[in-house]
Amino acid sequence: MVRIDGNPEAEHWLLLGHGSGAGMDHPFMATMAGAIAGDDLCVVRYEFPYMQTIRATNRRRPPDRMPRLLEALDQLVAQYRRHDRILAVGGKSLGGRVSATWAMDHPVDGVIALGYPFHPVGKPDNWRLEPLTLGQAPTLVLQGERDSFGNRSELEAITLPAHVCLDYVTDGDHGFKPRKASGVTEEVNLQRAAATCRAFILGLKR
């Protein structure tokens, strides 16, 4: 089961995976997909097998291990890839990490990570950089400035390769939500993030 936003006849497509604890119908996923999609861009929201099980049983369970997650994305790409489409893969947190990891070993036109989990919370020395540093595809990482999985001050101390564009969401947490004192709203952050994603995807070429 998937959710499709935008035009299925569009040339540009994005396969959008969810974070570890919430599925494709979470407000963040629905808002971002709706704002990224358009007559010129189709967004496919999907769920990994463990989240499908949670939906069916209404019982919480941890994410599958990475090989199973990669297999699920591989099957999805095989379903939606066509020679006349420009295809990007991406997702929120876990979905972005899986997409970047998958793209290390598979050709794809672009990768998007919304709140990339650069390290586990509270473990800033346990970096997860390989999917970004060893990948080949053009990659957009949108990161909240206060993200507990890698904030701006931490990330400004590392160097990412030229194919990775790291853009910050103003005062955003892991879900891009800012503090009231920041002067911006969550809605503004999400719309700006979606606009950045749209520009990135529409700029991709085969």
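Calculate one ³J(HN,Hα) per residue across the range 18-23 by plugging θ = phi - 60° into the Karplus curve 6.51 cos²θ - 1.76 cosθ + 1.60, and present them in order as whole Hz with x for glycine and proline.
8, x, 5, x, 9, x
Hey, what D do you get for the range 78-206 in µm²/s if you plug the Kirkwood alpha-carbon radius into Stokes-Einstein at 10 °C and 1.306 mPa s?
Reported coefficient: 106 µm²/s.
Please report VAL184, VAL108 as a ranked list, fewest other C-beta atoms within 10 angstrom at the top and most at the bottom.
Values: VAL184 16, VAL108 22.
In order of increasing Cβ crowding within 10 Å: VAL184, VAL108.
When only DSSP loop residues count, what trypsin sites (Lys or Arg not before Pro) in the range 163-201 have their Cβ near at most 16 other Cβ atoms within 10 Å? Walk me through the numbers on the way to the answer.
On the way: sites: ARG179, LYS180, ARG192, ARG198; in loops: ARG179.
Sparse-neighbourhood loop trypsin sites (Lys or Arg not before Pro): ARG179.
Scan the range 7-74 for GluC sites (Glu not before Pro) in coil per DSSP, keeping those whose Cβ has at most 12 other Cβ atoms within 10 Å, and list them by number. Show your work: numbers first, answer last.
On the way: sites: GLU9, GLU11, GLU47, GLU71; in loops: GLU9, GLU11, GLU47.
Passing sites in the range 7-74 are GLU9.
Only helices at least 18 Å long along their axis, Cα-based, and averaging 0.0 or more on Kyte-Doolittle count here, so list those DSSP H runs from the chain. If you can, show how the numbers build up before the last one.
Values: long enough: 66-80 (21 Å, 0.23); 186-202 (24 Å, 0.30).
Qualifying helices, which must be both long enough and hydrophobic enough, are 66-80, 186-202.
In the range 109-170, which trypsin sites (Lys or Arg not before Pro) fall in coil by DSSP and have 16 or fewer other Cβ atoms within 10 Å?
Working: sites: ARG128, ARG146, ARG152; in loops: ARG128, ARG146.
Here the trypsin sites (Lys or Arg not before Pro) that fit, given the DSSP loop and packing criteria, are ARG128.
Amide H neighbours of ASP64 under 5 Å, at least 5 residues apart or on other chains, H built in the peptide plane: list them.
Distant-sequence amide H within range of ASP64: TYR50.
Rounded to whole Å, give me the distance from the Cα center of the range 1-35 to that of the range 77-119.
Between the Cα centre of the range 1-35 and that of the range 77-119, the gap is 13 Å.
Considering the alpha-carbon set of the range 1-70 alone, what are its Rg and its Dmax in angstrom?
13.0, 38
How much of the DSSP beta bridge set in the chain is antiparallel, as a percent to the nearest 5?
Numbers: 5 of 31 bridges.
Expressed as a percentage, antiparallel bridges in the chain total about 15.
Which cross-chain or sequence-distant (5 or more) residues have an amide H under 5 Å from the amide H of LEU166, H modelled 1.01 Å from N in plane?
VAL141
Quick one: dipole size for the range 64-131, taken about the Cα centre, charges +1 on Lys/Arg Cβ and -1 on Asp/Glu Cβ, in debye to the nearest 20.
Details: 9 positive and 8 negative charges, 39 e Å.
Computed charge dipole of the range 64-131: roughly 180 debye.
As a test of the formula, what do you get for the chain when each DSSP H run with n ≥ 4 contributes -39,500 (n - 2.57) and the sum is divided by the residue count, at 222 nm and rounded to the nearest 500 deg cm²/dmol?
Details: 7 runs with 69 residues, N = 206.
It comes out at -10000 deg cm²/dmol, rounded to the nearest 500.
Where a number appears in this text, it was derived from the coordinates with a stated rule and is not lab data. Quick caveat: nothing in here was measured; it's all calculated off a predicted structure. Cβ sites come from the backbone with ideal geometry, for glycine too, and all protein chains shown count toward neighbours.
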